[in-house]
Amino acid sequence: MKCRVCRGKAVIQVRRHHANFCKEHFVEHVRRQVERTINDFDMFGPGDRLVLGVSGGKDSLALWDILTHLGYQVDGVYLHLGIGEYSSDSLRLSQEFARSRGLSLKVVDLPDQYDFSVPEAASASHRSPCSACGLSKRYILNRMAETSGYDVLVMGHNLDDEAATLFSNVLQWNADYLGRQRPVLPATDQGLARKVKPLIRVAERETAAYAVLLGIDYEVEECPMASGNTLNRYKEWLNRLEEQSPGIKASFLFGFFERGAEHFDPGEGVELRQCSFCGQPTTGEVCAFCKLQKLTISRRPELTVRS
Ligand code: SF4
Ligand code: ZN
Ligand code: ZN
């Protein structure tokens, strides 16, 4: 197996590009894919203040590395979800990554600052943990980007994540979500930050290979709350299709951006107001995050002190 570029020994095969790469040219290939995505979708420019949602996993740490190599100045924000050892390990790995490269990482601690954890919120609200987690991440990352004066909130969703999400939204014809599944969501006057996803041309196994080849130490354990996650099941199905037809995931996702996304309203027409508790944008009187927080705290069993 020879590298497409230098004919040296290849370390990875990328079937949808009909190509094999050595370490050096694979790293260059991945960085070029991200650069192309940023330019094609006009995501941001060198003067923009960028903040990246960092989880300690391969995607966000690889993306932080790639953006830094492309010359962007990017701060990170880590959200501590209160998921036991998984959260403490991924925080440590994120902090080590930032420290070793002299990057700035802000930490938002859900249990300390908002008085609840994802597992607790899931059991109090009867939501799935991933639903409580997703809601909390969207709220806190948006709030951080807006209140700290960042121009763009950067997310590390990869090709597999976005193809599986699109598959799920199409299966249910979820028009609201389809409208918001674009590589760039513009900022709004009502307090939603500009949100971009520069990693959507890079598959999950490629971000993992990028991180391993460059010695990036990332959280390899799966989140203990992930079992039963529907998106993971859709990813497995799409992987089987990809096995038979290399490139099918990318053509599904990018075909939607080119031909389908325009038919769904990303929510510009939706009237947003300020949440009466926190002031963040919401469609109702109280935002979903404040409702979740209050419900979780109200269902907490009282501590009884025995004498
Ligand atoms: Fe959150 Fe679910 Fe991912 Fe765990 S698996 S980090 S609960 S979204
Ligand atoms: Zn090469
Ligand atoms: Zn609120």
Check 221, 236 and return the single one that is free of Cβ contacts under 8 Å to residues at least 12 places away in the same chain and within 16 Å of ligand 1 (Cβ to nearest atom). 236
Just to be sure before I move on: is residue 36 crowded, with 16+ Cβ neighbours inside 10 Å and either in contact with an Asp or Glu (Cβ under 6 Å, 6 or more places away or on another chain) or farther than 16 Å from residue 205 by Cα (or both) in the structure I sent? no
Residue 21 meets each of (1) within 16 Å of ligand 1 (Cβ to nearest atom); (2) buried (at least 22 other Cβ atoms within 10 Å of the Cβ); (3) without any contact (Cβ under 8 Å) to a residue 40 or more places away in the chain with one exception, condition (1)
Subset of the stretch 74-92 (residues that are of a type in the set (A, V, I, L, M, F, W, C) and in a strand (DSSP E or B)): 74, 77, 79
Selection status of residue 240, under 17 Å from the mean Cα position of the chain (by Cα) and at pLDDT 95 or above: no
What number of residues within the stretch 5-22 are among the charged types (D, E, K, R) and assigned to a loop (DSSP other than H, G, I, E, B)? 1
Tell me, which residue of the stretch 120-152 that is touching a residue at least 12 places away in the same chain (Cβ under 8 Å) and β-branched (Val, Ile, Thr) is farthest from residue 82 (Cα to Cα)? 152
Is it the case that residue 258 is within 22 Å of the chain's Cα centre (by Cα), under 30 Å from residue 42 (Cβ atoms) and within 16 Å of ligand 1 (Cβ to nearest atom)? no
Can you tell me how many residues within the stretch 23-60 are in contact with a strand residue (DSSP E or B) (Cβ under 7 Å, 6 or more places away or on another chain) and of a type in the set (A, V, I, L, M)? 5
When you look at residue 84, is it over 28 Å from residue 241 (Cα atoms), surrounded by 14 or more Cβ atoms within 10 Å (Cβ to Cβ) and within 16 Å of ligand 1 (Cβ to nearest atom), yes or no? no
Does the stretch 41-56 contain at least one residue that is without any contact (Cβ under 8 Å) to a residue 24 or more places away in the chain and in contact with a Cys (Cβ under 7 Å, 6 or more places away or on another chain)? no
Screening 47, 53, 71 for residues that are away from ligand 1 (no atom under 16 Å from the Cβ), at pLDDT 95 or above and either over 18 Å from residue 200 (Cβ atoms) or part of a strand (DSSP E or B) (or both) leaves only 71
Across the stretch 280-302, what is the total count of residues that are part of a loop (DSSP other than H, G, I, E, B), of a type in the set (A, V, I, L, M, F, W, C) and surrounded by 17 or more Cβ atoms within 10 Å (Cβ to Cβ)? 1
Hits in the stretch 198-253 - residues which are within 25 Å of residue 85 (Cα to Cα) and among the basic types (Lys, Arg): 205, 233
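The values are calculated or read from the model by the stated rules, or taken from the named source; none is laboratory data. Keep in mind the model is a prediction, meaning the values are calculated, not measured. Please note: Cβ atoms are built from the backbone with ideal geometry, for glycine as well, and neighbour counts cover all protein chains shown.
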